[in-house]
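The values are calculated or read from the model by the stated rules, or taken from the named source; none is laboratory data. The shown structure was predicted, so the numbers you read here are calculated from the model rather than taken from an experiment. Methodologically, a virtual Cβ is constructed for each residue, glycine included, from the backbone with ideal geometry; neighbour enumeration extends over all protein chains shown. What goes into the accessible areas is simple: the full protein's heavy atoms, side chains included, and nothing from ligands, DNA or RNA. Shrake-Rupley method; radii C 1.70, N 1.55, O 1.52, S 1.80 Å.
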Amino acid sequence: MQTNLRGPSTEVTIAPDQPTVMIGERINPTGRKAFSAELQAGDLSRIAPDAQAQADAGAQVLDVNVGAAGVDEVALLPEAIQLVQDTVDLPVCIDSANPDALAAGLAVCKGKALINSVNGELDRLQAVLPLVAEFGAAVIALCMDDSGIPATPDERVTVAENILAAAREAGISPEDILFDPLVMTIGSDHRAGLVTLETARLLRERLGCNLTAGASNVSHGMPQRDLLNVVNLTLLISAGVNAPICNPLKNGLAVRAVNLMLGRDEWGMEYITAYRATPK
Ligand code: THG
């Protein structure tokens, strides 16, 4: 199964036999106090350099989230997306809980975007699936619904199957959905990683769909976050997550190393090229 996204002129393909596609996570105010304050003041000056740095480090899609407290996302998200796509020729992953902001972002974005996200809640399905169809976008589907985040892999896959059925009815094909097995903080449940990895394996096996996941969610509140993040990212890719949301500045070379180990980098050329480009 092949998911295609497009930027202003580039095309990005997500497929199981292809090298992992990194979705750059950094344009997001979560945990970034200075960026949050800037967004609250309507200052978007950090976005262009952040976009460029992530693209240089190998991100092929950029997540754009401007959801700091008190920010008018309907006004700011389209501005941020335009800034990103004026800086780098990449598809965007439009990350907002507000459907009006998603629509405003989709209206200005060039190419074929990824919407982040829908889940199994009826309200959310009804608000987001029509946008996916109308704009010819792709969408991330979180394996959770009105009852919250299921505790077991089987239940998460059931939620995914329900979303798949609702999407089909809305005229959206499985290629245009990236399922997210949901990465939780390991500090609050030491078996959370296991559930996510097993969910990823089952989603690939039963639905054959492409997968994303927020790899860096795992480490909040733990020491050596960078270590946990890269280990989690490696395991996720190995379990079938082929378009992880991650920090390419810290994980770029590791992702190339995983591609090489999984036979997705002929002669190690991508790995060697990325190594040579890494500041020593
Ligand atoms: N699934 C989907 N989308 C998502 C997530 C997911 N979007 C948001 C998030 N989870 C993934 N993005 C991030 C972005 C940043 C961090 C973690 C996940 C992060 N930031 C540091 C912090 O909070 O301390 C700060 C980083 C910095 O200072 O640069 O950890 O799961 N579909």
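First measure r as the distance between the Cβ atoms of MET269 and THR152, then evaluate 1/(1 + (r/R0)^6) with R0 = 45 Å and state the FRET efficiency to the nearest 0.05.
Values: r = 41 Å, r/R0 = 0.91.
It comes to 0.65.
When the Gaussian network model of the chain links Cα atoms closer than 10 Å, the mean-square fluctuations of GLN224, GLN54, GLN40 top out at GLN224. Remark: C-alpha extents of the chain on the principal axes read 46, 44, 37 Å, sorted largest to smallest.
A Cβ-based charge dipole, computed about the Cα centre of the chain with Lys and Arg at +1 and Asp and Glu at -1, lands at about 860 debye. Per residue, the accessible area of the chain comes to 44 Å² when a 1.4 Å probe rolls over the protein heavy atoms.
Rounded to a whole number, what is D in µm²/s for segment 1-108 from Stokes-Einstein with the Kirkwood radius over alpha-carbon pairs (37 °C, 0.692 mPa s)? List each step's numbers first, then the result.
Working: Rh = 14.1 Å.
The Stokes-Einstein estimate is 233 µm²/s.
Comparing Cα centroids, segment 244-273 and segment 76-111 end up 27 angstrom apart.
Straight Cα distances below 29 angstrom link LYS280 to the lysines LYS33, LYS250, with same-chain residues fewer than 8 positions distant left out. With contacts taken as Cα pairs under 8 Å and at least 6 residues apart, the chain reaches a relative contact order of 19 percent.
Work out, step by step, the length gained on full extension between GLU175 and ALA75: first 0.36 nm times the residue separation, then minus their alpha carbon distance; give nm to one decimal.
Working: separation 100, 0.36 × 100 = 36.00 nm, distance 3.03 nm.
Full extension from GLU175 to ALA75 adds 33.0 nm.
Just subtract the alpha-carbon distance of ARG225 and GLU11 from 0.36 nm times their residue separation and send over the number in nm, one decimal.
Numbers: separation 214, 0.36 × 214 = 77.04 nm, distance 3.24 nm.
So the chain would gain 73.8 nm between ARG225 and GLU11.
Could you work out what % of the accessible surface of the chain is carbon and sulfur, using a 1.4 angstrom probe and leaving DNA, RNA and ligands out of the count? Write out the running numbers ahead of the final one.
Details: 6380 of 12330 Å².
Looking at the chain in its full context, I get 52 percent from C and S.
Of the DSSP beta bridges with both residues in segment 1-117, give the percent that are antiparallel, rounding to the nearest 5. For segment 1-117, the DSSP antiparallel bridge percentage is about 35.
When you restrict to C-alpha pairs under 8 Å that are six or more residues apart and normalise by the size of segment 203-280, the relative contact order lands at 27 percent.
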